[in-house]
Amino acid sequence: MSAVSTKSLCNRLRNEWYYALSRMGIERHPLMPSFVSIEPVNRCQLRCPECLVGLRNKAGDTRPTRLLSIEDMQEIVRQIEGQVDTIQLFFQGEPLLHPHLPDLITCARRARIYTIVSTNALAVTPILARRLMESGLNRLIVSIDGMSEDSYQQYRIGGSLHKALEGLTMLRQAKEELHARTHIELQCLRLKSNEHEWAMMRRTYRKMGADSLTFKTAQLYDYENGHPLMPSDPRYSRYIVGADGLYHPKNRLHPSRRAVCHRLWTGCVIDVEGNVRPCCFDKEGKYILGNIRQQSLREIWNSERAKEFRREVMNHRSGISMCSNCTE
């Protein structure tokens with residue numbers, strides 16, 4: 001089975017063309033997105049300080065715990081088959097807490113949709129590792145933010161580096177035993193707490209069980225006056241000190257400058273309640289465009305509400321709160 005269909009690749013090329021037009025101030029909206037992020041479950045074992053799910057007892061994500069149903073997944077796939085080429089099965093919760101995650105992946109792969117899952121690997125068992133590799137999963141991101149228990153738990157509060165590494169090992173063993181083609185990517189946030197371990201991670205990530213290593217800058221909420229998790233070297237931070245002495249995101253948003261957004265022309269998020277959010281930065285659900293249980297994704301993606309939101313981003317992106325902490 002090929003990773004994606006030719007028709008969905010054509011859809012992606014068309015969306016890239018519409019995005020290029022938006023940079024010139026010409027509004028054309030695509031018929032369907034190129035990728036969709038779907039939230040399988042909205043809970044996690046960890047209490048990461050910059051995650052609304054982790055902060056749920058401190059004015060964070062207060063939604064009741066829900067699981068995406070198999071029926072909802074099948075309906076989403078039915079609507080997007082032949083159009084959307086990628087499904088990211090993660091948003092704010094820990095995907096591996098969904099008891100039928102491999103079935104959700106298989107549902108997408110049968111429709112020739114490329115699948116990506118991001119996990120903290122704490123819930124991995126030998127059986128689950130095998131089921132994930134048998135599902136046809138294309139890419140698995142394992143987030144491990146440190147090479148010692150102390151540095152790891154500075155951010156992954158409530159977790160265990162030892163357990164995460166065990167999970168990564170089980171995934172690698174299952175991949176090798178089944179000759180699976182799943183790409184295992186180790187991902188690490190660049191934080192002050194782990195900056196002394198970056199070189200070690202570069203040297204050892206393959207021995208740890210990963211095929212590749214990616215470092216990401218960390219999104220922080222209270223960044224204006226600095227943050228204890230900010231790396232010492234500003235090159236590895238999303239934020240930089242401005243003329244006012246305060247920290248600001250390294251984006252190009254300015255009231256007098258056009259600043260469009262690639263994601264609004266190529267993808268969206270469907271949360272566990274079925275709400276369609278324009279972007280993964282809409283963590284609080286302030287800009288919901290519709291609900292797939294009431295309308296089709298095509299209707300929502302091409303609705304007047306979606307068009308108005310794209311126009312607002314094209315012309316006044318600096319005034320949209322969720323865009324203020326984005327580096328695009």
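Restricting to segment 196-254, name every residue that is touching a strand residue (DSSP E or B) at 6+ places or on another chain (Cβ under 8 Å) and of a type in the set (Asp, Glu).
Correct list: ASP211, GLU224.
Residues that are more than 30 Å from SER69 (Cα to Cα) and under 22 Å from the mean Cα position of the chain (by Cα): does segment 282-295 have at least one?
Residues of segment 282-295 that are more than 30 Å from SER69 (Cα to Cα), as a first pass: none.
For segment 282-295, residues more than 30 Å from SER69 (Cα to Cα) and under 22 Å from the mean Cα position of the chain (by Cα): absent.
Any residue in segment 35-58 that is touching a Cys at 6+ places or on another chain (Cβ under 7 Å), in a loop (DSSP other than H, G, I, E, B), surrounded by 16 or more Cβ atoms within 10 Å (Cβ to Cβ) and among the acidic types (Asp, Glu)?
Going through segment 35-58, the residues touching a Cys at 6+ places or on another chain (Cβ under 7 Å) turn out to be 36-37, 53-54.
With the extra rule that they be in a loop (DSSP other than H, G, I, E, B), the set shrinks to 53-54.
Filter once more, keeping what is surrounded by 16 or more Cβ atoms within 10 Å (Cβ to Cβ): 53-54.
If we keep only those that are among the acidic types (Asp, Glu) as well, we get none.
So far as segment 35-58 goes, no, none of its residues is touching a Cys at 6+ places or on another chain (Cβ under 7 Å), in a loop (DSSP other than H, G, I, E, B), surrounded by 16 or more Cβ atoms within 10 Å (Cβ to Cβ) and among the acidic types (Asp, Glu).
Any chance segment 304-324 includes a residue that's part of a loop (DSSP other than H, G, I, E, B), over 24 Å from GLU39 (Cβ atoms), within 21 Å of the chain's Cα centre (by Cα) and hydroxyl-bearing (Ser, Thr, Tyr)? Even if it seems obvious, please write down each step before you answer.
Narrowing segment 304-324 to residues part of a loop (DSSP other than H, G, I, E, B): 320, 324.
When the remaining residues are screened for being over 24 Å from GLU39 (Cβ atoms), the result is none.
Among the residues of segment 304-324, not one is part of a loop (DSSP other than H, G, I, E, B), over 24 Å from GLU39 (Cβ atoms), within 21 Å of the chain's Cα centre (by Cα) and hydroxyl-bearing (Ser, Thr, Tyr), which makes the answer no.
Would you tally the residues in segment 264-299 being in contact (Cβ under 8 Å) with a residue 60 or more places away in the chain, aliphatic (A, V, I, L, M) and out of contact with any Lys or Arg (no Cβ under 7 Å at 6 or more places or on another chain)?
Of the residues in that region, 3 qualify.
Let me spell it out: the conditions are (1) open to solvent by 20 Å² or more (accessible area, probe 1.4 Å); (2) farther than 21 Å from ARG310 by Cβ, and GLY82 meets all of them except one. Which number is the exception?
Only one criterion is unmet by GLY82, namely (1).
So which residues in segment 298-323 are among the aliphatic types (A, V, I, L, M) and modelled with pLDDT of 90 or more?
ILE300, ALA306
Hey, MET147 hits all of (1) under 21 Å from GLY93 (Cα atoms); (2) assigned to a loop (DSSP other than H, G, I, E, B); (3) of a type outside the set (Lys, Arg) but one; which does it fall short on?
Tallying (1) under 21 Å from GLY93 (Cα atoms); (2) assigned to a loop (DSSP other than H, G, I, E, B); (3) of a type outside the set (Lys, Arg), MET147 fails exactly one: (1).
Which one is most open to solvent (accessible area, probe 1.4 Å) among residues in segment 1-30 that are more than 21 Å from the chain's Cα centre (by Cα) and hydroxyl-bearing (Ser, Thr, Tyr)?
THR6
Quick one: what pairs do we get from segment 93-108, first residue in a loop (DSSP other than H, G, I, E, B), second open to solvent by 10 Å² or more (accessible area, probe 1.4 Å), C-beta under 6 Å, 6+ apart or different chains?
Close Cβ pairs satisfying both conditions: GLY93/ARG43; GLY93/CYS44; GLU94/CYS44; HIS98/LEU67.
One residue is enough: does segment 194-206 have a residue meeting the conditions farther than 30 Å from ARG310 by Cβ and touching an Asp or Glu at 6+ places or on another chain (Cβ under 8 Å)?
Yes.
Taking the residues in segment 94-119 that are touching a Pro at 6+ places or on another chain (Cβ under 8 Å) and under 21 Å from GLN79 (Cα atoms) as candidates, determine which candidate is surrounded by the most Cβ atoms within 10 Å (Cβ to Cβ).
LEU104
Within segment 22-56, which residues are of a type in the set (A, V, I, L, M, F, W, C) and without any contact (Cβ under 8 Å) to a residue 12 or more places away in the chain? Give the derivation first.
Going residue by residue through segment 22-56, those that are of a type in the set (A, V, I, L, M, F, W, C) are 24, 26, 31-32, 35-36, 38, 41, 44, 46, 48, 51-53, 55.
Residues satisfying the conditions are MET24, ILE26, LEU55.
Any idea which of LEU137, LEU122, LEU165 is in a loop (DSSP other than H, G, I, E, B), open to solvent by 10 Å² or more (accessible area, probe 1.4 Å) and farther than 19 Å from CYS280 by Cβ?
Values: LEU137 fails: open to solvent by 10 Å² or more (accessible area, probe 1.4 Å); LEU165 fails: in a loop (DSSP other than H, G, I, E, B).
Residue meeting the stated conditions: LEU122.
Search segment 292-328 for residues being acidic (Asp, Glu) and under 27 Å from GLY93 (Cα atoms), and hand back the single one that is surrounded by the fewest Cβ atoms within 10 Å (Cβ to Cβ).
Pass one, segment 292-328, residues acidic (Asp, Glu): 299, 304, 308, 312, 328.
Those still in the list that are under 27 Å from GLY93 (Cα atoms) too: 299, 328.
On the way: GLU299: 13, GLU328: 15.
Once the filter is applied, the top-ranked residue is GLU299.
Having 3 or more residues that are open to solvent by 40 Å² or more (accessible area, probe 1.4 Å) is the bar; report the strands (runs of 3 or more DSSP E) wholly within segment 200-291 that clear it. Don't jump to the end; show me each part of the working.
Values: elements: 212-217, 239-241, 247-249, 267-270, 275-277.
In segment 200-291, the matching strands (runs of 3 or more DSSP E) lie at 212-217.
Pull up segment 262-293, narrow it to residues that are touching a helix residue (DSSP H, G or I) at 6+ places or on another chain (Cβ under 9 Å) and polar (S, T, N, Q), then point me to the one that is nearest to SER37 (Cα to Cα).
Checked segment 262-293; the qualifying residue nearest to SER37 (Cα to Cα) is THR266.
The values are calculated or read from the model by the stated rules, or taken from the named source; none is laboratory data. All values reported here derive from a predicted model rather than from experimental measurement. Glycine also receives a Cβ, built like all others from the backbone with ideal geometry; neighbour counts cover every protein chain displayed. Accessible surface is based on the protein model in full, side chains and every heavy atom, while ligands, DNA and RNA are left aside. Shrake-Rupley method; radii C 1.70, N 1.55, O 1.52, S 1.80 Å.
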